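Down below is the structure, laid out as structure tokens.
Just so it is clear, none of the values below were taken in a lab; they were calculated from the coordinates. Computed from a predicted model, the values in this text were never measured in an experiment. All Cβ positions, even for glycine, are placed from backbone atoms using ideal geometry, and neighbour counts span all protein chains on display.
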Amino acid sequence: MIQFQNYLIEMFVLLFLIILSYLDLKKKEFPAVLTSGALFVVALAKFQNIEFGLMAFILAWFLMEFDFFQGVADLKIITIMGFFTSSLGLFMIFSMLVVIFGTTYKILMVKVVKMKETDEIAFVPVLLIIYIALSIVRYLT
């Protein structure tokens with residue numbers, strides 16, 4: 001039963017990220033209640049991983065302070081994804097995925113798409129890709 005609940009919450013987050021990615025690409029905004037509500041649901045469902053959720057929040061705050069991404073929604077989504085790491089090693093892999101994929105995405109947006117670094121860049125799609133990569137790594141270990 002617990003295994004089914006884990007799959008259910010993982011599918012919820014995957015669907016949630018797909019919808020937010022679409023909204024982020026099309027409108028560059030979405031209601032904050034969506035990300036706050038999802039964070040609350042995931043925190044309740046994955047409470048046993050609270051320390052990794054907190055570490056992901058600190059990582060996200062640090063990255064936001066250095067203008068790695070711009071929105072509080074991105075901070076909440078990275079925190080949500082932190083709840084899905086269950087070991088320090090997996091958290092380190094997650095952190096590297098965020099930095100590597102995020103940096104690559106920003107460089108592509110600035111150099112290839114010719115966006116300015118000050119422009120609002122839709123960052124949720126890269127978080128969706130990171131979540132999928134994290135899920136693959138989790139199931140391989």
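From L63, L75, grab the single residue that is farther than 16 Å from F16 by Cβ, of a type in the set (A, V, I, L, M, F, W, C) and surrounded by 18 or more Cβ atoms within 10 Å (Cβ to Cβ).
Within the list L63, L75, the selection yields L63.
Filter the stretch 24-46 down to residues that are crowded, with 17+ Cβ neighbours inside 10 Å, under 16 Å from the mean Cα position of the chain (by Cα) and not charged (D, E, K, R), then give me how many there are.
5
So which of L134, L90 is touching a residue at least 24 places away in the same chain (Cβ under 8 Å), more than 24 Å from Y22 (Cα to Cα) and surrounded by 14 or more Cβ atoms within 10 Å (Cβ to Cβ)?
That would be L90, the only listed residue that is touching a residue at least 24 places away in the same chain (Cβ under 8 Å), more than 24 Å from Y22 (Cα to Cα) and surrounded by 14 or more Cβ atoms within 10 Å (Cβ to Cβ).
Output the residues belonging to the stretch 1-23 that are more than 13 Å from the chain's Cα centre (by Cα) and surrounded by 15 or more Cβ atoms within 10 Å (Cβ to Cβ).
Selection gives I9, Y22, L23.
Before we move on, is V110 farther than 23 Å from I9 by Cβ, of a type outside the set (S, T, Y) and surrounded by fewer than 20 Cβ atoms within 10 Å (Cβ to Cβ)?
So V110 fits the description; yes.
Looking at E29 and the list (1) part of a helix (DSSP H, G or I); (2) touching a helix residue (DSSP H, G or I) at 6+ places or on another chain (Cβ under 9 Å), which single condition is not satisfied?
(1)
How do the pairs read when you match residues in the stretch 35-51 that are over 18 Å from D74 (Cβ atoms) with residues anywhere that are of a type in the set (F, W, Y), using Cβ under 6 Å and keeping only pairs 6 or more apart or on different chains?
Here the result reads K46/F83; N49/F83, each pair linking the stretch 35-51 to a residue that is of a type in the set (F, W, Y).
Every residue in the stretch 64-91 that is of a type in the set (D, E, K, R) and either touching a helix residue (DSSP H, G or I) at 6+ places or on another chain (Cβ under 7 Å) or not in a loop (DSSP other than H, G, I, E, B) (or both), please.
The answer is E65, D74, K76.
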